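Every read-out reported here was derived from the displayed coordinates using simple, explicitly stated rules and does not represent laboratory data. Because the structure is predicted, anything quoted here is derived from the model rather than measured. All Cβ positions, glycine included, derive from the backbone under ideal geometry; neighbour counts span all protein chains shown.
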C-alpha cells in the first residue's frame, strides 16, 4: 500500500469519526436544551452525556488536525471553536437555570439558539470541504 492511499484512508476515517462525534454532541446538546427549557424530563445523566460528547468531539478533532489537509483542518478548527462557544453558553444557561436567581437564563437561551444555528452552518461547511478534499485526492490517485 502506498503512502497516499494510506493517508487518504486515515483522512476519511478521521473525518468520519469527527462527524460521528459531532452528531453525538448535537443529540446530547438537544436533549440538554429540552431539559433546560423544561420541555422534557431528562435522565439524571443528561449533563454527563453532554460532557462525554464534548470530550469525544475534542478527541476526534485532534485526529483531523493530525492527518487532515490544510483546508479540512481549517474548517474543523472553525467547527471546534464554535462548538466550544456553544458548550460554554449551554453551561452558563444550565448554571443560571440551577441557580436561585436565574436572571440571565433567557439571554443565555437566546445565545444558545444563535450559536446552534451557526454551528449547523459550520458543520455543513466542514462536510463540503472534507467531501471535496477526499474527492479531489481520489481523482488524483
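Quick notes
- With all pairs of different C-alpha atoms in the average, the Kirkwood value for the hydrodynamic radius of segment 11-88 is 13.0 Å.
- For the chain, the longest principal axis of the alpha carbon atoms and the long axis of helix 3-36 meet at an angle near 10°.
- For the peptides 45-51, 73-79, the ranking by mean Cβ contacts within 10 Å, running from highest to lowest, is 73-79, 45-51.
- The chain: angle of helix 46-67 to the longest principal axis, Cα-based, in degrees nearest 10: 20 degrees
- Mean residue ellipticity (222 nm) of the chain, computed from DSSP H runs ≥ 4 via -39,500 (n - 2.57), nearest 500: -31000 deg cm²/dmol
- Solution diffusion estimate, µm²/s, Stokes-Einstein, the chain, Kirkwood Rh from C-alpha pairs, 10 °C, viscosity 1.306 mPa s: 98 µm²/s
- Between 0 and 90°, nearest 10: helix 70-98 axis offset from the chain longest Cα axis: 10 degrees
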